[in-house]
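Undergrad: Supplied in structure tokens, the structure appears directly below.
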Amino acid sequence: MTASTSPFNLETCARPNILKLVPYRCARDDYKDDGTNILLDANENAYGPSLPLTASSTAETAGLNRYPDPHQHVLKSAFCALRNTNPTKPLTPENLFLGVGSDEAIDALLRCFCTPGKDKILTCPPTYGMYSVSAQVNDIEVVKVDLNLESGNLELRPDSINEALSQDANIKVAYICSPGNPTGALVDPEAVKKVLAHPTWNGVVVVDEAYVDFAPEGSSLAPWVVDYPNLVVMQTLSKAFGLAGIRLGAAFTSPPIAQLLNNLKAPYSISTPTSSLAYTALSEAGLVIKSENVAKILSQRARLLQELPNVPGIGRFLGGFDANFILVEILDRPGGKPSNTVALAAYKGLAETRGVVVRFRGGENGCFGCLRMTVGTEDENGRLLERLREILGGIYSASA
Ligand SMILES: Cc1ncc(COP(=O)(O)O)c(C=O)c1O
């Protein structure tokens, strides 16, 4: 479905107050900080940052008394270069929203399209918890269409999603997580295409690709945003790039949606240190390090997939293997059936007596008895395997 045939209409889908929003403007929208101007427009401190300086920190802290660039064109160009695979229809900075982590993009999308107390979002449990948290904060109802809970693969059910979208015109945003959290499975692009091809729904499809760099090369749907007016693809530097501490997320989308998101965000939310570190991570040298680290994680993921089944009491792996974590069942006894009691006991025992923190996911739809384990370093994974064996052995012998 193309822009001309899509039922998506930004003018009727976005909130009227957001459409009318006049974005915050500063004098530096008109007069850039090119290093030659005397900047007396933003009530900054011309004497510099209150930081004890050493020779090595001077360069890093220079300029921190000034507000950051509100538009981040240079950083946006670097993000586009990362995802541009279609030279005839390239992504440009006009396709981008940058936020304080992709968590900010999740929230900004809600606030852009959903009128509190009236509109709804759609999510596909088991999924990332922030979609619902943001919805609740904004007084927006969540319509849930579970992944396929019958199979262990936890696939998206596009026909059921489309049915829900047909039944409720107040659903404005559908969040699809690919690779999923906690499923670790890449969503079939054809399933996303099916939702995008909904013949009547006037809403926005958001694909959250926080873990896409752990999936096979070329898996990102970001290049699709030039073809679909109502697609948003979110990414982050928190995972494969190892920069969760700087808080930088990106949303690729059509220029009109990117414009609305940029209009509603706080003007200086991307700090100068964040921007500069992100730019370095997206440089050629940064991308080499990212690829090396991803390769190590993938090799460690393969090791866990091979060695975990040798630990007595480990059941099936659920979902898929496209992220930097795995979702695995813990059994009531070796060779038995999944057990939330044992999974919870193992989770607590690992954290409280063995210094290994994983995530209990047994309360999520389709994840009964499951722990989610992030792939760590070689040494960390060795300790995880050893301590999990100890903990489960202790639990089983106590209940024997
Ligand atoms: C699926 C998913 N989306 C988004 C995020 C948030 O990422 P960020 O650190 O960019 O806010 C996470 C974090 O765990 C996640 O699992």
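Undergrad: So which of L91, L82, L122 is in contact (Cβ under 8 Å) with a residue 24 or more places away in the chain, within 20 Å of P229 (Cβ to Cβ), touching a helix residue (DSSP H, G or I) at 6+ places or on another chain (Cβ under 8 Å) and within 16 Å of the ligand (Cβ to nearest atom)? So that I can check it myself, show each step before the final result.
TA: Details: L91 fails: within 16 Å of the ligand (Cβ to nearest atom); L82 fails: within 20 Å of P229 (Cβ to Cβ).
Within the list L91, L82, L122, the selection yields L122.
Undergrad: Just to verify a result, which residue in the stretch 149-161, among those that are without any contact (Cβ under 8 Å) to a residue 60 or more places away in the chain and away from the ligand (no atom under 16 Å from the Cβ), is most open to solvent (accessible area, probe 1.4 Å)?
TA: Filtering first and then ranking leaves E150.
Undergrad: Now for a separate question. Only one residue in P223, P216 is in a helix (DSSP H, G or I), in the same structural domain as M130 (by TED's automatic domain parsing) and more than 19 Å from A174 (Cβ to Cβ). Which one?
TA: Only one candidate passes the filter, namely P223.
Undergrad: Taking only the stretch 106-119 into account, find how many residues are more than 17 Å from A169 (Cα to Cα) and either hydroxyl-bearing (S, T, Y) or within 11 Å of the ligand (Cβ to nearest atom) (or both).
TA: Adding up the residues that qualify gives 2.
Undergrad: Would you confirm whether any residue within the stretch 281-291 is more than 30 Å from K193 (Cα to Cα) and within 16 Å of the ligand (Cβ to nearest atom)?
TA: Of the residues in the stretch 281-291, the ones more than 30 Å from K193 (Cα to Cα) are 281, 283-286, 288-289.
Applying the additional criterion that residues be within 16 Å of the ligand (Cβ to nearest atom) yields 281.
Yes, the stretch 281-291 has at least one match.
Undergrad: Another question, if that's okay. Please identify the pairs in which a residue from the stretch 128-145 that is in the same structural domain as P182 (by TED's automatic domain parsing) and more than 14 Å from the ligand (Cβ to nearest atom) has its Cβ atom under 7 Å from the Cβ atom of a residue that is of a type in the set (D, E, K, R) and open to solvent by 60 Å² or more (accessible area, probe 1.4 Å), counting only partners at least 6 apart or on another chain.
TA: Partner pairs satisfying both residue conditions: N138/R111; V145/R157.
The values are calculated or read from the model by the stated rules, or taken from the named source; none is laboratory data. Keep in mind the model is a prediction, meaning the values are calculated, not measured. Cβ atoms come from the backbone with ideal geometry, glycine included; neighbour counts cover every protein chain shown. When the accessible area is computed, the model is the full protein with side chains, heavy atoms only, and any ligands, DNA or RNA have been set aside. Shrake-Rupley method; radii C 1.70, N 1.55, O 1.52, S 1.80 Å.
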